[in-house]
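Below is one structure; the comments refer to it alone.
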Amino acid sequence: MQTIIKKNEYMNAFWVLLPFILIFGGTVFQNTQWSNITSITKMMSFGYMIVYVVFKQKTSANLVLFLMFFIPFWTYALFNNPYNQAAANADAIRYLFPIATLFYSFAIKEYLPLLLKFVIAFIVINMIIQLFNYAFWIAGAKDQWFYYTMPGGVRWANKTAGLIRATGTVVFFSLYGFINLIAFFLIHKYYHKKYKNILLALCVLGLFLSFSYKGIGAFAVVLAFYYYKHIYKVALYTLLGLLMIYIAMPSKINSFMYDISLRISLYITEGNSVRSESYRVMFREMGNNNWLGKGAGVFGGPASVEFNSPYYSEIKFNWYDTKWMGLTTTDTYPPHAFVELGTIGGILYFLLLLSPLFRTWIDSNYKMALVIFFCLMSDMLVSFSLNNLEYLFFSLVFVYPVLYYKPEGEVQS
């Protein structure tokens with residue numbers, strides 16, 4: 001009898017973690033000759049989540065309500081692209097990724113302990129792989145499996161201050177930083193066994209080795225939020241840490257600070273970048289009463305670039321010097337959503353995604369859900385993380401398991 005119960009537990013765990021395995025297993029091939037595997041596994045995971053939710057027949061009333069309000073605007077955007085229906089189909093599907101993830105999150109809301117085990121295993125495995133990445137790089141490897149291929153066949157790795165940015169198994173440094181960011185707060189809040197401090201240290205190390213400025217910034221903000229009573233201590237420890245690094249590697253810190261000042265100039269003070277240009281387009285369209293949107297696949301998303309949307313020429317969009325990089329999006333999500341879905345559709349879309357927070361009681365789990373949303377939403381301001389299943393499976397998928405978790409393992413009604 002006990003053997004049967006254990007087998008059932010293992011099978012349940014497998015079915016819950018299957019989309020994680022598909023997504024992050026496929027991501028490994030992203031920059032290889034088998035890159036199509038990444039797209040296939042993402043769509044398989046997306047389809048699996050839908051089937052799982054239908055099979056379990058468990059869902060949130062808030063999600064269903066806001067989805068009903070949003071669907072008419074999504075349908076209008078799907079069939080309103082005046083240039084290319086294929087582009088509309090491709091980007092319209094991506095709008096559903098975070099929605100499906102939230103429905104799946106509710107369906108597995110009693111599995112936070114299992115998800116936490118996955119998080120810990122994933123962090124450790126990725127750090128080990130990253131150490132091998134560094135070892136091969138230091139040994140003089142000219143090419144590695146995670147390097148990018150630029151137009152012309154040039155292979156390169158993203159570097160900051162002369163160091164390759166940590167990617168682990170997930171290929172993209174920003175995603176690796178984001179994963180460690182979320183993992184830190186989940187482990188800090190819910191893991192109370194041996195080696196906790198070592199695991200937290202690995203998360204912080206992974207975050208900083210990624211050199212993800214937005215991830216490090218979000219980390220600082222959340223730390224200040226959680227430890228506001230000890231903010232002076234946090235600031236002191238941070239300054240002491242930076243001072244020690246500066247003494248050991250002054251040139252690296254100087255280069256790091258230069259990169260930060262350059263990004264502030266590009267994105268904020270001067271605004272001479274694709275990201276700032278896309279926000280200018282968004283606010284202009286909102287001012288022009290773009291209530292219902294220009295249609296899916298028109299602006300900002302990967303399909304609009306792949307199918308060469310004429311909208312960019314019509315508005316004389318300035319790509320600045322990023323064309324040579326092979327940029328596949330405008331690297332900003334709100335302009336994409338509000339231009340394509342319109343002001344009303346965009347607002348309803350974000351209300352739908354934030355609907356898990358619309359509840360009457362606030363506890364420590366609710367605050368953790370706020371942290372997850374803050375990290376994801378601050379990232380998507382300057383990225384396309386909100387339509388990226390790798391990001392969603394280290395953020396939104398934890399929302400309902402966190403909200404409904406009790407230390408004794410019971411599920412709230």
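The values are calculated or read from the model by the stated rules, or taken from the named source; none is laboratory data. This is a predicted model, so every value here is computed, not measured. No Cβ is skipped: glycine too gets one built from the backbone with ideal geometry, and neighbour counts run over all protein chains shown. Surface areas here come from the heavy atoms of the whole protein model, side chains and all, with no ligands, DNA or RNA. Shrake-Rupley method; radii C 1.70, N 1.55, O 1.52, S 1.80 Å.
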Per the filter on segment 183-212, residues farther than 21 Å from PRO401 by Cα, surrounded by fewer than 18 Cβ atoms within 10 Å (Cβ to Cβ) and in contact (Cβ under 8 Å) with a residue 60 or more places away in the chain are LEU205
Every listed condition ((1) surrounded by fewer than 20 Cβ atoms within 10 Å (Cβ to Cβ); (2) among the hydroxyl-bearing types (Ser, Thr, Tyr); (3) modelled with pLDDT of 95 or more) holds for SER105 save (1)
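Go through segment 61-99 and give me each residue that's small (Gly, Ala, Ser) and either surrounded by fewer than 21 Cβ atoms within 10 Å (Cβ to Cβ) or closer than 14 Å to PHE350 by Cα (or both). If you could, list the steps in order and put the result at the bottom.
Quick first cut of segment 61-99, residues small (Gly, Ala, Ser) only: 61, 77, 86-88, 90, 92.
Within segment 61-99, ALA61, ALA86, ALA90 meet the criteria.
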If we keep only residues of segment 290-321 that are modelled with pLDDT of 90 or more and polar (S, T, N, Q), then the residue surrounded by the most Cβ atoms within 10 Å (Cβ to Cβ) is SER304
Flagged pairs (Cβ under 7 angstrom, 6 or more apart or on separate chains; first in segment 368-390, of a type in the set (Phe, Trp, Tyr); second assigned to a helix (DSSP H, G or I) and buried (at least 21 other Cβ atoms within 10 Å of the Cβ)) are PHE374/ALA218; PHE384/TYR333
The residue that is modelled with the lowest pLDDT, considering only those in segment 152-173 that are among the aromatic types (Phe, Trp, Tyr) and not in a loop (DSSP other than H, G, I, E, B), is TRP156
Open item on the list: Just checking, does segment 165-173 include any residue being closer than 30 Å to LEU78 by Cα, of a type in the set (Gly, Ala, Ser) and under 18 Å from the mean Cα position of the chain (by Cα)?
Closed with: no
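Assess whether PHE358 counts as being more than 11 Å from the chain's Cα centre (by Cα), open to solvent by 10 Å² or more (accessible area, probe 1.4 Å) and in contact (Cβ under 8 Å) with a residue 60 or more places away in the chain. Break it down into steps so the answer makes sense when it comes.
Working: more than 11 Å from the chain's Cα centre (by Cα): yes; open to solvent by 10 Å² or more (accessible area, probe 1.4 Å): yes; in contact (Cβ under 8 Å) with a residue 60 or more places away in the chain: yes.
Yes.
Being open to solvent by less than 10 Å² (accessible area, probe 1.4 Å), out of contact with any Lys or Arg (no Cβ under 9 Å at 6 or more places or on another chain) and farther than 18 Å from PHE283 by Cα narrows it down to one of LEU370, LEU376, so name that one. It would help to see each step written out before you state the result.
Numbers: LEU370 fails: open to solvent by less than 10 Å² (accessible area, probe 1.4 Å).
Matching residue, one of LEU370, LEU376: LEU376.
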